[in-house]
Amino acid sequence: MDNFNFYSPTEFVFGKGREHEAGQLVKKYGGTKVLVHFGGGSAVKSGLLDRVKASLEAAELPYVALGGVKPNPRDTLAYEGIELCRREGVDFILCVGGGSVIDSAKAIAAGVPYAGDFWDFYSGKAAIAGALPVGTVLTIAAAGSEGSGDTVVTQEATGLKRGAGSNHLRPRFSIMNPELTMTLPPYQTACGAADIMAHVFERYFTNTPEVEITDRLCEAVLCTMVKETPRVMADPMNYDARANIMWAGTVAHTNIVGVGRSQDWNSHNIEHELSGLYDCAHGAGLAVIMPAWMEFVMPHNPMRFAQMANRVWGCAMNFAHPEETAKAGIRCFRRFLHEIGLPINFAELGAKVEDIPTLVEKLGLGDGKTGGFVQLSSEDVATIYHIAAKAAL
Ligand code: NZQ
Ligand code: ZN
(Lines give C-alpha, C1' and ligand atoms only; values in the text may rest on other atoms or scores of the structure.)
(Ligands and ions follow the chains in the order given, each with its own letter.)
Protein backbone atom coordinates (compact mmCIF):
# COMPACT_ATOMS: atom_id res chain seq x y z
CA MET A 1 0.00 0.00 0.00
CA ASP A 2 1.28 3.51 -0.82
CA ASN A 3 1.52 6.36 1.70
CA PHE A 4 -1.56 8.59 1.75
CA ASN A 5 -3.39 11.46 3.41
CA PHE A 6 -7.16 11.11 3.69
CA TYR A 7 -9.04 14.37 4.17
CA SER A 8 -12.83 14.31 4.15
CA PRO A 9 -14.06 17.20 6.32
CA THR A 10 -17.68 17.20 5.12
CA GLU A 11 -20.44 16.75 7.70
CA PHE A 12 -22.93 14.31 6.15
CA VAL A 13 -26.45 14.84 7.42
CA PHE A 14 -28.38 11.77 6.31
CA GLY A 15 -32.02 10.73 6.47
CA LYS A 16 -35.66 11.69 6.11
CA GLY A 17 -36.57 15.35 6.42
CA ARG A 18 -33.04 16.55 7.08
CA GLU A 19 -33.32 19.40 4.51
CA HIS A 20 -35.13 21.38 7.20
CA GLU A 21 -31.77 21.73 8.95
CA ALA A 22 -30.16 23.61 6.04
CA GLY A 23 -30.43 27.06 7.65
CA GLN A 24 -28.93 25.93 10.95
CA LEU A 25 -26.08 24.19 9.16
CA VAL A 26 -25.23 27.25 7.05
CA LYS A 27 -25.10 29.25 10.29
CA LYS A 28 -22.94 26.63 11.99
CA TYR A 29 -20.40 26.95 9.18
CA GLY A 30 -20.30 30.74 9.33
CA GLY A 31 -22.59 31.81 6.46
CA THR A 32 -24.29 35.18 6.83
CA LYS A 33 -25.45 35.81 3.24
CA VAL A 34 -26.30 32.85 1.03
CA LEU A 35 -26.47 32.07 -2.66
CA VAL A 36 -29.06 29.33 -3.21
CA HIS A 37 -28.01 27.58 -6.42
CA PHE A 38 -30.27 25.10 -8.22
CA GLY A 39 -31.00 23.42 -11.54
CA GLY A 40 -33.63 23.32 -14.23
CA GLY A 41 -36.73 22.96 -12.13
CA SER A 42 -37.02 19.59 -10.37
CA ALA A 43 -36.34 21.17 -6.98
CA VAL A 44 -38.97 23.86 -7.67
CA LYS A 45 -41.56 21.32 -8.79
CA SER A 46 -41.05 19.01 -5.81
CA GLY A 47 -41.34 21.88 -3.31
CA LEU A 48 -37.81 21.19 -2.02
CA LEU A 49 -36.55 24.66 -2.90
CA ASP A 50 -39.37 26.24 -0.87
CA ARG A 51 -38.54 24.03 2.12
CA VAL A 52 -34.86 25.00 1.92
CA LYS A 53 -35.69 28.70 1.62
CA ALA A 54 -38.04 28.42 4.61
CA SER A 55 -35.22 26.87 6.60
CA LEU A 56 -32.92 29.81 5.74
CA GLU A 57 -35.66 32.26 6.71
CA ALA A 58 -36.20 30.46 10.02
CA ALA A 59 -32.47 30.87 10.69
CA GLU A 60 -32.79 34.58 9.74
CA LEU A 61 -30.30 34.21 6.91
CA PRO A 62 -30.67 36.54 3.91
CA TYR A 63 -30.21 34.89 0.53
CA VAL A 64 -30.24 35.41 -3.23
CA ALA A 65 -31.17 32.63 -5.66
CA LEU A 66 -29.69 31.55 -8.98
CA GLY A 67 -31.30 28.66 -10.84
CA GLY A 68 -30.93 27.27 -14.33
CA VAL A 69 -27.90 24.96 -13.95
CA LYS A 70 -27.99 22.51 -16.85
CA PRO A 71 -26.71 18.92 -16.70
CA ASN A 72 -23.05 19.17 -17.80
CA PRO A 73 -22.95 22.63 -16.18
CA ARG A 74 -21.74 25.57 -18.30
CA ASP A 75 -19.11 28.18 -17.58
CA THR A 76 -21.52 30.94 -18.66
CA LEU A 77 -23.82 30.52 -15.64
CA ALA A 78 -20.80 30.27 -13.33
CA TYR A 79 -19.57 33.69 -14.55
CA GLU A 80 -23.04 35.05 -13.78
CA GLY A 81 -22.94 33.47 -10.31
CA ILE A 82 -19.51 34.93 -9.54
CA GLU A 83 -20.74 38.45 -10.41
CA LEU A 84 -23.91 37.96 -8.37
CA CYS A 85 -21.99 36.78 -5.29
CA ARG A 86 -19.55 39.71 -5.47
CA ARG A 87 -22.35 42.23 -5.98
CA GLU A 88 -24.47 40.85 -3.13
CA GLY A 89 -21.67 40.13 -0.66
CA VAL A 90 -22.47 36.40 -0.55
CA ASP A 91 -20.27 34.41 1.83
CA PHE A 92 -21.83 30.91 1.56
CA ILE A 93 -23.16 28.88 -1.37
CA LEU A 94 -25.96 26.39 -0.75
CA CYS A 95 -26.64 24.07 -3.68
CA VAL A 96 -29.89 22.20 -4.11
CA GLY A 97 -29.50 19.52 -6.75
CA GLY A 98 -27.14 16.96 -8.21
CA GLY A 99 -23.56 16.87 -9.40
CA SER A 100 -24.14 19.55 -12.01
CA VAL A 101 -25.50 22.09 -9.52
CA ILE A 102 -22.80 21.26 -6.98
CA ASP A 103 -20.04 21.52 -9.58
CA SER A 104 -21.38 24.85 -10.83
CA ALA A 105 -21.47 26.07 -7.21
CA LYS A 106 -17.87 24.97 -6.69
CA ALA A 107 -16.83 26.90 -9.81
CA ILE A 108 -18.50 30.01 -8.42
CA ALA A 109 -17.01 29.40 -4.98
CA ALA A 110 -13.49 29.21 -6.40
CA GLY A 111 -14.08 32.09 -8.80
CA VAL A 112 -15.32 34.71 -6.33
CA PRO A 113 -11.99 35.29 -4.50
CA TYR A 114 -9.89 34.85 -7.66
CA ALA A 115 -8.73 37.95 -9.55
CA GLY A 116 -8.35 36.18 -12.90
CA ASP A 117 -10.67 34.12 -15.11
CA PHE A 118 -11.99 31.13 -13.15
CA TRP A 119 -11.54 28.92 -16.25
CA ASP A 120 -7.79 29.05 -15.41
CA PHE A 121 -8.54 26.37 -12.78
CA TYR A 122 -10.07 24.09 -15.41
CA SER A 123 -7.45 24.68 -18.10
CA GLY A 124 -4.67 23.94 -15.61
CA LYS A 125 -3.29 27.49 -15.68
CA ALA A 126 -3.86 28.14 -11.97
CA ALA A 127 -4.42 26.18 -8.76
CA ILE A 128 -7.34 26.93 -6.44
CA ALA A 129 -5.94 28.78 -3.42
CA GLY A 130 -9.23 29.51 -1.65
CA ALA A 131 -13.00 29.36 -2.11
CA LEU A 132 -16.27 30.40 -0.55
CA PRO A 133 -17.69 27.63 1.66
CA VAL A 134 -20.24 25.35 -0.02
CA GLY A 135 -23.04 23.23 1.46
CA THR A 136 -25.28 20.86 -0.46
CA VAL A 137 -28.78 19.42 -0.40
CA LEU A 138 -28.32 16.39 -2.66
CA THR A 139 -31.15 15.24 -4.93
CA ILE A 140 -29.50 12.44 -6.95
CA ALA A 141 -27.07 9.67 -6.04
CA ALA A 142 -24.45 9.77 -8.77
CA ALA A 143 -21.46 12.09 -9.09
CA GLY A 144 -20.31 12.00 -5.47
CA SER A 145 -19.63 15.74 -5.67
CA GLU A 146 -21.33 16.11 -2.26
CA GLY A 147 -18.19 14.64 -0.68
CA SER A 148 -15.48 15.33 -3.26
CA GLY A 149 -13.14 18.23 -3.88
CA ASP A 150 -13.77 17.98 -7.62
CA THR A 151 -15.78 20.01 -10.09
CA VAL A 152 -16.41 19.43 -13.80
CA VAL A 153 -17.61 22.28 -16.03
CA THR A 154 -18.21 22.65 -19.78
CA GLN A 155 -16.96 25.72 -21.64
CA GLU A 156 -19.99 26.75 -23.70
CA ALA A 157 -18.04 28.27 -26.60
CA THR A 158 -15.76 25.27 -27.22
CA GLY A 159 -17.69 22.30 -25.80
CA LEU A 160 -14.60 21.44 -23.75
CA LYS A 161 -15.56 19.64 -20.54
CA ARG A 162 -12.82 19.90 -17.95
CA GLY A 163 -12.28 19.21 -14.26
CA ALA A 164 -10.58 21.03 -11.41
CA GLY A 165 -10.02 19.99 -7.83
CA SER A 166 -9.00 21.26 -4.43
CA ASN A 167 -9.66 20.42 -0.80
CA HIS A 168 -11.00 23.99 -0.54
CA LEU A 169 -13.99 22.76 -2.56
CA ARG A 170 -15.02 19.93 -0.28
CA PRO A 171 -18.49 20.83 0.99
CA ARG A 172 -18.77 21.89 4.63
CA PHE A 173 -21.94 19.81 4.89
CA SER A 174 -24.10 17.68 2.64
CA ILE A 175 -27.70 16.95 3.45
CA MET A 176 -28.69 13.56 2.07
CA ASN A 177 -32.36 12.60 2.27
CA PRO A 178 -32.91 9.46 0.15
CA GLU A 179 -36.60 10.37 -0.24
CA LEU A 180 -35.55 13.33 -2.39
CA THR A 181 -34.27 10.90 -5.05
CA MET A 182 -37.68 9.22 -5.46
CA THR A 183 -38.79 11.79 -8.06
CA LEU A 184 -35.88 10.94 -10.39
CA PRO A 185 -36.76 9.67 -13.87
CA PRO A 186 -35.66 5.97 -14.07
CA TYR A 187 -33.04 6.84 -16.70
CA GLN A 188 -31.35 9.33 -14.33
CA THR A 189 -31.40 6.80 -11.50
CA ALA A 190 -29.66 4.31 -13.81
CA CYS A 191 -27.14 6.90 -15.02
CA GLY A 192 -26.32 7.63 -11.39
CA ALA A 193 -25.77 3.93 -10.67
CA ALA A 194 -23.35 3.63 -13.61
CA ASP A 195 -21.40 6.66 -12.40
CA ILE A 196 -21.14 5.32 -8.85
CA MET A 197 -19.85 1.97 -10.10
CA ALA A 198 -17.43 3.71 -12.47
CA HIS A 199 -15.97 5.74 -9.58
CA VAL A 200 -15.15 2.47 -7.85
CA PHE A 201 -13.75 0.79 -10.96
CA GLU A 202 -11.46 3.77 -11.63
CA ARG A 203 -9.87 2.98 -8.26
CA TYR A 204 -10.15 -0.80 -8.35
CA PHE A 205 -7.99 -1.23 -11.46
CA THR A 206 -4.65 -0.38 -9.91
CA ASN A 207 -1.01 -1.33 -10.26
CA THR A 208 -0.41 -1.10 -6.50
CA PRO A 209 -0.02 -4.52 -4.86
CA GLU A 210 -1.22 -5.54 -1.37
CA VAL A 211 -4.31 -3.35 -1.10
CA GLU A 212 -6.71 -5.88 0.41
CA ILE A 213 -8.64 -3.39 2.53
CA THR A 214 -9.46 -1.00 -0.32
CA ASP A 215 -10.10 -3.92 -2.72
CA ARG A 216 -12.67 -5.25 -0.27
CA LEU A 217 -14.23 -1.82 0.31
CA CYS A 218 -14.52 -1.36 -3.47
CA GLU A 219 -16.15 -4.76 -3.83
CA ALA A 220 -18.61 -3.96 -1.03
CA VAL A 221 -19.78 -0.83 -2.85
CA LEU A 222 -20.02 -2.68 -6.17
CA CYS A 223 -21.97 -5.61 -4.65
CA THR A 224 -24.33 -3.12 -3.00
CA MET A 225 -24.98 -1.45 -6.35
CA VAL A 226 -25.54 -4.81 -8.08
CA LYS A 227 -28.11 -5.73 -5.45
CA GLU A 228 -29.86 -2.41 -4.85
CA THR A 229 -30.04 -0.87 -8.34
CA PRO A 230 -32.50 -3.44 -9.75
CA ARG A 231 -34.61 -3.08 -6.58
CA VAL A 232 -34.90 0.67 -7.04
CA MET A 233 -35.56 0.35 -10.78
CA ALA A 234 -38.45 -2.02 -10.00
CA ASP A 235 -39.71 0.01 -7.05
CA PRO A 236 -38.63 3.68 -7.21
CA MET A 237 -40.25 4.42 -3.83
CA ASN A 238 -38.16 1.83 -1.97
CA TYR A 239 -36.57 3.98 0.75
CA ASP A 240 -34.06 1.42 1.95
CA ALA A 241 -32.71 0.65 -1.50
CA ARG A 242 -32.52 4.42 -2.23
CA ALA A 243 -30.70 4.96 1.06
CA ASN A 244 -28.11 2.27 0.37
CA ILE A 245 -27.47 3.64 -3.12
CA MET A 246 -27.21 7.21 -1.86
CA TRP A 247 -24.56 6.36 0.72
CA ALA A 248 -22.77 4.10 -1.79
CA GLY A 249 -22.51 7.12 -4.10
CA THR A 250 -20.72 9.14 -1.44
CA VAL A 251 -18.47 6.31 -0.25
CA ALA A 252 -17.50 5.63 -3.88
CA HIS A 253 -16.06 9.09 -4.36
CA THR A 254 -14.76 10.56 -1.09
CA ASN A 255 -11.68 8.44 -1.94
CA ILE A 256 -11.96 6.26 1.15
CA VAL A 257 -12.03 3.24 -1.20
CA GLY A 258 -9.12 4.57 -3.27
CA VAL A 259 -6.45 5.71 -0.83
CA GLY A 260 -2.99 4.16 -0.89
CA ARG A 261 -3.27 2.85 -4.43
CA SER A 262 -2.66 4.13 -7.96
CA GLN A 263 -5.89 4.93 -9.83
CA ASP A 264 -6.92 5.05 -13.47
CA TRP A 265 -9.56 7.68 -14.52
CA ASN A 266 -9.07 7.19 -18.25
CA SER A 267 -12.68 6.06 -18.73
CA HIS A 268 -13.83 9.31 -17.15
CA ASN A 269 -11.57 11.42 -19.35
CA ILE A 270 -12.62 9.51 -22.47
CA GLU A 271 -16.29 9.83 -21.48
CA HIS A 272 -16.09 13.58 -20.80
CA GLU A 273 -15.44 14.09 -24.52
CA LEU A 274 -18.76 12.35 -25.27
CA SER A 275 -20.84 14.38 -22.81
CA GLY A 276 -18.94 17.52 -23.91
CA LEU A 277 -19.78 16.92 -27.58
CA TYR A 278 -23.26 15.38 -27.37
CA ASP A 279 -24.50 16.78 -24.04
CA CYS A 280 -25.48 13.25 -23.00
CA ALA A 281 -25.68 12.20 -19.34
CA HIS A 282 -22.25 11.41 -17.89
CA GLY A 283 -23.43 8.04 -16.51
CA ALA A 284 -24.81 7.03 -19.90
CA GLY A 285 -21.50 7.88 -21.57
CA LEU A 286 -19.69 5.80 -18.95
CA ALA A 287 -21.99 2.83 -19.63
CA VAL A 288 -20.76 2.89 -23.22
CA ILE A 289 -17.09 3.60 -22.52
CA MET A 290 -16.19 1.72 -19.36
CA PRO A 291 -16.79 -1.89 -20.53
CA ALA A 292 -14.95 -1.04 -23.78
CA TRP A 293 -12.01 0.32 -21.79
CA MET A 294 -12.08 -2.87 -19.67
CA GLU A 295 -11.91 -5.07 -22.76
CA PHE A 296 -8.95 -3.08 -24.08
CA VAL A 297 -6.86 -3.05 -20.89
CA MET A 298 -7.80 -6.47 -19.44
CA PRO A 299 -4.71 -8.30 -20.90
CA HIS A 300 -2.53 -6.00 -18.73
CA ASN A 301 -3.68 -7.89 -15.59
CA PRO A 302 -6.29 -10.60 -16.24
CA MET A 303 -6.15 -11.76 -12.60
CA ARG A 304 -7.37 -8.39 -11.33
CA PHE A 305 -10.33 -8.53 -13.71
CA ALA A 306 -10.95 -12.18 -12.82
CA GLN A 307 -11.00 -11.22 -9.12
CA MET A 308 -13.65 -8.58 -9.87
CA ALA A 309 -15.63 -11.10 -11.96
CA ASN A 310 -15.54 -13.68 -9.21
CA ARG A 311 -16.18 -11.47 -6.17
CA VAL A 312 -18.64 -8.98 -7.64
CA TRP A 313 -20.50 -10.95 -10.31
CA GLY A 314 -20.07 -14.47 -8.89
CA CYS A 315 -18.32 -15.85 -11.99
CA ALA A 316 -16.57 -19.18 -11.42
CA MET A 317 -12.80 -18.74 -11.34
CA ASN A 318 -10.96 -20.44 -14.20
CA PHE A 319 -7.45 -20.68 -12.77
CA ALA A 320 -6.00 -22.18 -15.95
CA HIS A 321 -7.42 -19.33 -18.06
CA PRO A 322 -8.17 -16.32 -15.82
CA GLU A 323 -8.75 -14.15 -18.90
CA GLU A 324 -11.92 -16.22 -19.55
CA THR A 325 -13.22 -15.35 -16.07
CA ALA A 326 -12.20 -11.74 -16.67
CA LYS A 327 -14.16 -11.60 -19.94
CA ALA A 328 -17.21 -13.14 -18.24
CA GLY A 329 -17.09 -10.37 -15.59
CA ILE A 330 -16.98 -7.64 -18.21
CA ARG A 331 -19.93 -9.27 -20.00
CA CYS A 332 -21.87 -9.31 -16.71
CA PHE A 333 -21.19 -5.59 -16.21
CA ARG A 334 -22.38 -4.69 -19.72
CA ARG A 335 -25.50 -6.84 -19.40
CA PHE A 336 -26.27 -5.20 -16.03
CA LEU A 337 -26.01 -1.74 -17.59
CA HIS A 338 -28.30 -2.82 -20.43
CA GLU A 339 -30.84 -4.33 -18.04
CA ILE A 340 -31.15 -1.11 -16.03
CA GLY A 341 -31.94 0.73 -19.26
CA LEU A 342 -28.62 2.30 -20.23
CA PRO A 343 -27.03 2.52 -23.68
CA ILE A 344 -24.13 0.15 -24.34
CA ASN A 345 -22.91 1.39 -27.76
CA PHE A 346 -22.64 4.57 -29.83
CA ALA A 347 -25.96 4.12 -31.66
CA GLU A 348 -27.89 3.72 -28.40
CA LEU A 349 -26.14 6.78 -26.93
CA GLY A 350 -26.69 8.91 -30.03
CA ALA A 351 -22.95 9.17 -30.78
CA LYS A 352 -21.42 8.85 -34.25
CA VAL A 353 -18.49 6.69 -35.35
CA GLU A 354 -17.38 9.42 -37.77
CA ASP A 355 -16.86 11.76 -34.79
CA ILE A 356 -14.15 9.53 -33.29
CA PRO A 357 -11.23 11.56 -34.72
CA THR A 358 -12.80 14.74 -33.25
CA LEU A 359 -13.28 13.07 -29.86
CA VAL A 360 -9.65 11.91 -29.83
CA GLU A 361 -8.40 15.33 -30.87
CA LYS A 362 -10.44 17.09 -28.18
CA LEU A 363 -8.96 14.83 -25.55
CA GLY A 364 -5.70 16.49 -26.53
CA LEU A 365 -3.13 13.73 -25.92
CA GLY A 366 -1.32 14.47 -29.17
CA ASP A 367 1.76 12.25 -29.31
CA GLY A 368 1.77 11.81 -25.52
CA LYS A 369 0.18 9.21 -23.28
CA THR A 370 -2.23 9.28 -20.34
CA GLY A 371 -1.34 7.89 -16.93
CA GLY A 372 -3.33 5.18 -15.22
CA PHE A 373 -3.64 1.39 -14.98
CA VAL A 374 -2.50 1.21 -18.60
CA GLN A 375 -0.96 4.25 -20.29
CA LEU A 376 -2.97 5.12 -23.39
CA SER A 377 -1.90 6.83 -26.61
CA SER A 378 -4.28 8.70 -28.93
CA GLU A 379 -4.39 5.57 -31.07
CA ASP A 380 -5.38 3.44 -28.05
CA VAL A 381 -8.15 5.90 -27.19
CA ALA A 382 -9.44 5.71 -30.77
CA THR A 383 -9.49 1.91 -30.49
CA ILE A 384 -11.49 2.13 -27.25
CA TYR A 385 -14.02 4.46 -28.92
CA HIS A 386 -14.31 1.95 -31.79
CA ILE A 387 -14.88 -0.97 -29.39
CA ALA A 388 -17.53 1.13 -27.62
CA ALA A 389 -19.14 2.12 -30.92
CA LYS A 390 -20.01 -1.43 -31.92
CA ALA A 391 -20.42 -3.07 -28.50
CA ALA A 392 -23.16 -5.68 -28.16
CA LEU A 393 -24.35 -8.10 -25.49
O1 NZQ B 1 -31.90 20.37 -13.27
P2 NZQ B 1 -32.99 19.59 -12.62
O3 NZQ B 1 -34.34 20.05 -12.98
O4 NZQ B 1 -32.78 19.45 -11.14
O5 NZQ B 1 -32.91 18.09 -13.26
C6 NZQ B 1 -31.84 17.21 -13.02
C7 NZQ B 1 -31.06 16.90 -14.31
O8 NZQ B 1 -31.88 17.01 -15.43
C9 NZQ B 1 -32.40 15.86 -12.67
N10 NZQ B 1 -32.64 15.67 -11.24
C11 NZQ B 1 -31.73 15.75 -10.24
N12 NZQ B 1 -32.31 15.44 -9.08
C13 NZQ B 1 -33.62 15.16 -9.35
C14 NZQ B 1 -33.82 15.33 -10.73
N15 NZQ B 1 -35.03 15.13 -11.32
C16 NZQ B 1 -36.04 14.75 -10.52
N17 NZQ B 1 -35.91 14.55 -9.19
C18 NZQ B 1 -34.71 14.74 -8.56
N19 NZQ B 1 -34.59 14.49 -7.25
O20 NZQ B 1 -31.41 14.91 -13.07
C21 NZQ B 1 -30.70 15.43 -14.17
C22 NZQ B 1 -29.22 15.18 -13.95
O23 NZQ B 1 -28.72 15.96 -12.89
P24 NZQ B 1 -27.14 16.16 -12.73
O25 NZQ B 1 -26.90 17.04 -11.58
O26 NZQ B 1 -26.55 16.52 -14.04
O27 NZQ B 1 -26.68 14.64 -12.39
P28 NZQ B 1 -25.39 14.08 -11.75
O29 NZQ B 1 -25.44 14.15 -10.27
O30 NZQ B 1 -25.19 12.78 -12.40
O31 NZQ B 1 -24.20 15.08 -12.18
C32 NZQ B 1 -23.56 14.94 -13.41
C33 NZQ B 1 -22.41 15.90 -13.54
O34 NZQ B 1 -21.42 15.65 -12.52
C35 NZQ B 1 -20.13 15.52 -13.14
C36 NZQ B 1 -20.48 14.92 -14.48
O37 NZQ B 1 -19.42 15.03 -15.40
C38 NZQ B 1 -21.70 15.73 -14.87
O39 NZQ B 1 -21.33 16.98 -15.42
N40 NZQ B 1 -19.24 14.76 -12.26
C41 NZQ B 1 -18.78 15.39 -11.16
C42 NZQ B 1 -17.90 14.79 -10.29
C43 NZQ B 1 -17.42 15.48 -9.08
N44 NZQ B 1 -17.66 16.78 -8.96
O45 NZQ B 1 -16.77 14.91 -8.19
C46 NZQ B 1 -17.39 13.43 -10.52
C47 NZQ B 1 -18.15 12.68 -11.56
O48 NZQ B 1 -17.29 11.71 -12.12
C49 NZQ B 1 -18.72 13.48 -12.67
O50 NZQ B 1 -17.76 13.70 -13.69
ZN1 ZN C 1 -18.24 10.12 -12.74
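The values are calculated or read from the model by the stated rules, or taken from the named source; none is laboratory data. A quick note: this is a predicted structure, and the numbers were derived from the prediction, not measured. So basically every Cβ, Gly included, is an ideal-geometry build from the backbone, and we count neighbours across all protein chains shown. Ligands, DNA and RNA are excluded from the accessible area calculation, which covers all protein heavy atoms including side chains. Shrake-Rupley method; radii C 1.70, N 1.55, O 1.52, S 1.80 Å.
A few notes on this one:
- Relative to the current alpha-carbon distance between ARG87 and HIS321, full extension at 0.36 nm per residue lengthens the span by 77.8 nm.
- When LEU184, LEU337 are compared by accessible surface with a 1.4 Å probe, the order from highest to lowest is LEU184, LEU337.
- The label point for ASN207 and the one for ASP279, both projected 7 Å from the Cα toward the Cβ, are 4.0 nm apart.
- Estimated vicinal HN-Hα couplings, Hz - the stretch 28-44 in sequence order (Karplus 6.51, -1.76, 1.60; Gly, Pro = x): 4, 9, x, x, 10, 9, 10, 9, 8, 10, 8, x, x, x, 4, 6, 6
- Across all directions, the average projected area of the convex hull around the alpha carbons of the chain is 18.1 nm².
- Taking 11 Å as the cut-off, no amide N atom of the stretch 278-294 comes nearer than this to a point 7 Å along the Cα-to-beta-carbon line of LEU365.
- Annotation for the stretch 141-192: GluC sites (Glu not before Pro) lying in DSSP loop with at most 15 further Cβ atoms inside 10 Å of their Cβ are GLU156.
- Net lengthening on full extension, GLN155/ALA65 (0.36 nm per residue, minus Cα-Cα): 30.2 nm
- Qualifying chymotrypsin sites (Phe, Trp or Tyr not before Pro) in the stretch 1-88, DSSP loop, other Cβ atoms within 10 Å at most 13: PHE4, PHE6, TYR7
- Put simply, when 315-321, 161-167, 235-241, 109-115 are sorted by average Cβ atoms within 10 angstrom per residue, most first, you get 109-115, 161-167, 235-241, 315-321.
- Taking a point 7 Å from the Cα of PHE4 along the Cα-to-Cβ direction, the residues of the stretch 354-378 with backbone N closer than 17 Å to it are 372-373.
- Distance between the pseudo-spin-label points of HIS20 and CYS223 (7 Å out from Cα toward the beta carbon): 3.7 nm.
- Taken over the alpha carbons of the stretch 186-389 as equal point scatterers, the Debye sum produces base-10 log I(q)/I(0) values at 0.10, 0.15 Å⁻¹ of -0.40, -0.92.
- Element breakdown for the stretch 186-389 at a 1.4 angstrom probe: carbon and sulfur atoms account for 54% of the accessible area.
- Compared with the dominant principal axis of the Cα atoms in the chain, helix 282-297 is inclined by about 30°.
- Separation between Cα centres of the stretch 320-393 and the stretch 109-165, rounded to whole Å: 27
- FRET efficiency for LYS352 and THR76, using Cβ-Cβ distance with R0 set to 35 Å, rounded to 0.05: 0.85
- Tensor-based shape of the stretch 219-325 (alpha-carbon gyration tensor, a/c under 1.5 rounded, otherwise prolate or oblate): oblate
- In the chain, the DSSP-assigned H stretches of four residues or longer account for a calculated mean residue ellipticity at 222 nm of -15000 deg cm²/dmol, using -39500 (n - 2.57) per stretch and the full residue count as denominator.
- What the Cα atoms of the stretch 317-375 give is an Rg and a Dmax of 16.2, 41 Å.
- Of the GluC sites (Glu not before Pro) found in the stretch 28-82, the ones in coil according to DSSP and having at most 16 other Cβ atoms within 10 Å of their Cβ are GLU60.
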